[in-house]
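Q: Below you will find the structure I want to go over with you.
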Amino acid sequence: MAGRYEISDTGWALIEDIVSPPQRTGRPRRDDRQVLNGIFWILCSGAKWRDLPERYGPWKTVYDRFRQWRDDGTFEAILARLQLRLREDGLMDLDTWMIDSTSIRATRAASGGGKKGGKQEPVDHALGRSRGGLTTKIHMVCDRHGWPLTFTLSPGQDSDTRHFIPTMEDVHLPGPSGRPRKRCRFIVADKGYDSDPLRRYCDRYRMKPIIARRKMKRKPRPGAPRGFDKPRYRERNIIERCFGWIKELRRVCTRYDKLASSFRAMVCLACIDRCLRADFPDRT
């Protein structure tokens, strides 16, 4: 039986071939499941790497494995596998998606990354100044059941509309066959996403934007108002609950990582943790 913060036997069976492929040569490596459990302990507790309990092995080994999986796309592959299983088992809604953002406070230790991180690392490390001080924004898309589909990071002062299209373009839901699913029928968002270019983007890809209009002092826009689906808009609280679930994990609730790639890996792990809580039907 798995302990607190640790992956269950059912969850491990779903991702074992990705995390722990057969090793044919070289020195025997430390058990991958034990190391992954150590990474989840850091994610959930918010502790420093050096404070990792001894039962997970040397903290340096766990940290090095975290960096390896962060850089080679292992965490993204795990999330894609779980999303595929959710889709195959009919647990994912492909018609109605929600998008929103949340601000994450960054500690003083998160600043000062300098030029570290390589070519893929943004120059600003997705850190910026906003009313809350030093912050990072998570822009996320989830489905009608609260399963995270994708996310992007930005400095805290960036507007939501600026990152709507990049976040939507990042959706690649794997399917049992054919190309990945990238579009939905309805996209639900609050009035912070109310803009004409955004609505034209949705029209181009035949998505119906369910977005509240902003209250403007200027004259109303010409033409008849578009149909607004109030019952579907009321379900927008689902993405707020999704943020609430992943922010229960302390390494996501507060940013401690200097590099955006490391913090992105932590958010990806939080999405993995969320998907592992699904009640997958037994296929045996």
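Q: Could you check how many residues of the stretch 1-32 are among the aliphatic types (A, V, I, L, M) and part of a loop (DSSP other than H, G, I, E, B)?
A: Number satisfying all stated conditions: 3.
Q: Which condition breaks for ARG213 when tested against (1) part of a helix (DSSP H, G or I); (2) at pLDDT below 90?
A: Every listed condition holds for ARG213 apart from (1).
Q: Let me ask you something else. Could you check, for the stretch 118-140, whether at least one of its residues is under 13 Å from the mean Cα position of the chain (by Cα) and part of a loop (DSSP other than H, G, I, E, B)?
A: No, that holds for no residue.
Q: Any idea which of (1) in a helix (DSSP H, G or I); (2) surrounded by fewer than 19 Cβ atoms within 10 Å (Cβ to Cβ) is the one VAL35 doesn't satisfy?
A: In the conditions (1) in a helix (DSSP H, G or I); (2) surrounded by fewer than 19 Cβ atoms within 10 Å (Cβ to Cβ), VAL35 misses (2) alone.
Q: So for the stretch 70-88 (the condition being out of contact with any Gly (no Cβ under 6 Å at 6 or more places or on another chain), assigned to a loop (DSSP other than H, G, I, E, B), of a type in the set (Asp, Glu) and crowded, with 17+ Cβ neighbours inside 10 Å), does at least one residue qualify?
A: no
Q: Only one residue in THR135, THR102 is touching a strand residue (DSSP E or B) at 6+ places or on another chain (Cβ under 6 Å) and open to solvent by less than 10 Å² (accessible area, probe 1.4 Å), so which one is that?
A: THR135
Q: Right, next: Taking the conditions exactly as written (assigned to a loop (DSSP other than H, G, I, E, B), in contact with a Gly (Cβ under 7 Å, 6 or more places away or on another chain) and either among the small types (Gly, Ala, Ser) or modelled with pLDDT of 90 or more (or both)), does HIS145 satisfy them or not?
A: For HIS145, the condition - assigned to a loop (DSSP other than H, G, I, E, B), in contact with a Gly (Cβ under 7 Å, 6 or more places away or on another chain) and either among the small types (Gly, Ala, Ser) or modelled with pLDDT of 90 or more (or both) - is not met.
Q: Then there's this: Can you tell me which residues in the stretch 167-181 are in contact with a strand residue (DSSP E or B) (Cβ under 6 Å, 6 or more places away or on another chain) and more than 19 Å from LEU91 (Cα to Cα)?
A: Across the stretch 167-181, the qualifying residues are THR167, ASP170.
Q: What residue, among those in the stretch 38-56 that are part of a loop (DSSP other than H, G, I, E, B) and among the hydrophobic types (A, V, I, L, M, F, W, C), is surrounded by the fewest Cβ atoms within 10 Å (Cβ to Cβ)?
A: In this case the residue turns out to be ALA47.
The values are calculated or read from the model by the stated rules, or taken from the named source; none is laboratory data. Owing to the predicted nature of the structure, the values given are computational and were not obtained by experimental measurement. Neighbour counts run over all protein chains shown; Cβ positions are idealised from the backbone, glycine included. Keep in mind that these areas ignore ligands, DNA and RNA; they rest on the heavy atoms of the full protein, side chains included. Shrake-Rupley method; radii C 1.70, N 1.55, O 1.52, S 1.80 Å.
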